[in-house]
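Peer 1: The following block contains the structure, expressed as structure tokens.
The values are calculated or read from the model by the stated rules, or taken from the named source; none is laboratory data. Quick caveat: nothing in here was measured; it's all calculated off a predicted structure. A quick note on method: Cβ atoms are made from the backbone with ideal geometry, for glycine too, and the neighbour counts reach across all protein chains shown.
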Amino acid sequence: MNNYISVILPTHNEEKNIIPIIREIVEKNDKDNLEIIVVDDNSNDNTENLIREFSKKDSRVRLISRIDRFGLSSAIKEGCLNARGDIIAVMDSDGQHEVSSLVSALDYISNNNEDVVIGSRFLKKSSIEGLSKNRKDSSTIANKIARVSLSNNYKNLTDYLSGFFVFKRFSCIEFIKRIDVNGFKFLYELLAISKGRLNIFEIPLKFKPRRSGNSKLDIAVVWDFNISIIHSILGRVIPRRAISFGIVGLTGVLVQFTVLYLLLWFTKFTFIRILPFAVISAACSNFLINNLFTFKNRRLFGLNLWIGLFKFLLVSSLPVIANVGLASSFYVFISSNTFFSQIAGIFVVFIWNYAASSKFVWNN
């Protein structure tokens, strides 16, 4: 009996790419044991309509249209959990992954005992046409860093961050249920959670240029990668967002120190008079960076950004007062060292800000 196959295609504004890819997948597998699940993240072009119309003609194509939830890892996870297949494949919807590679991976995993087959960009027979030299070098470095944070059983792999992989449902689904969708790469999260318990094989991948449109890579993706590595190194005990929130808090410390010492240098005001300005500057900085990175899936824009800033400052008002009060008291009664005076106040702020702002500012 042939295995039932599910192919997951996450999309966002891929109107010029998605239908040719679906047609090619269907042409290379014209049997009934196939479903193609397109998970669309509220595209503002014609992507969703094109998929819906195609699905009327071919019932093997299913559309999951998502509103108010987005992100590549989240889309992949939702597609995998809704898939009927015994074997599930994940690939990009922009044409960078060849359908011929999908056929090869499905054939290999169907006839061997591997749990996962990865399309690697870095095997000897692989080729990378879809990345600039800088992007290729960055991916190589990122893979080396990823290798250090994962189980020794996966040290022989070459592409921990691939967006192309095929897996057997029965051996991977429990790990997939536990994947944090705020993670950097879905495959990396699967490898980290499985802790070396999966049998994995790599096939060479021809990584092509995008057929149309622009890459979704931005600085937030780089941030997510760093958080994912720290999260794994710390044994995945501390929540990802708490780690991100803490690192943002460290940047706030730098902002607070910078503002304070600049004002001390250029004005004649005392430490105690300047400190509130430095603390509020740090709080505003923390809000903006957290909105950009830590809570990117709930990012605020326009008027909501200003309302969110007001809420954040309101939520932070109690620890801000505590920050100023503790720092000032430490300075007056314990030590006149301005550095340690501020550290005493900053320490109080973190836990309250993380818990309260997550709930009341970003509704998480």
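Peer 1: The conditions are (1) crowded, with 19+ Cβ neighbours inside 10 Å; (2) touching a His at 6+ places or on another chain (Cβ under 8 Å), and LYS168 fails exactly one of them. Which is it?
Peer 2: (2) is the only condition that LYS168 fails.
Peer 1: Among the residues of the stretch 265-276 satisfying the criterion of being of a type in the set (A, V, I, L, M, F, W, C) and surrounded by fewer than 16 Cβ atoms within 10 Å (Cβ to Cβ), which is farthest from VAL349 (Cα to Cα)?
Peer 2: Across the stretch 265-276, the extreme among qualifying residues is PHE266.
Peer 1: Right, something else. Collect the residues in the stretch 237-250 that are assigned to a helix (DSSP H, G or I) and loosely packed, with under 14 Cβ neighbours inside 10 Å, keeping them in residue-number order.
Peer 2: LEU250
Peer 1: Tally the residues that are over 41 Å from the mean Cα position of the chain (by Cα) and of a type outside the set (Phe, Trp, Tyr), restricting the search to the stretch 257-271.
Peer 2: Final tally of qualifying residues: 3.
Peer 1: Now, a different point. Name the residue that is farthest from ASN111 (Cα to Cα), counting only residues in the stretch 1-43 that are of a type in the set (Lys, Arg) and in a helix (DSSP H, G or I).
Peer 2: ARG23
Peer 1: What residue, among those in the stretch 146-193 that are farther than 24 Å from GLU98 by Cβ and acidic (Asp, Glu), is modelled with the highest pLDDT?
Peer 2: Taking the candidates together, the pick is GLU174.
Peer 1: Another one. Please state which one of ILE76, ILE36, ILE88, ILE64 is modelled with pLDDT of 95 or more, assigned by TED's automatic domain parsing to the domain that holds PHE186, surrounded by fewer than 21 Cβ atoms within 10 Å (Cβ to Cβ) and among the aliphatic types (A, V, I, L, M).
Peer 2: Answer to the check: ILE64.
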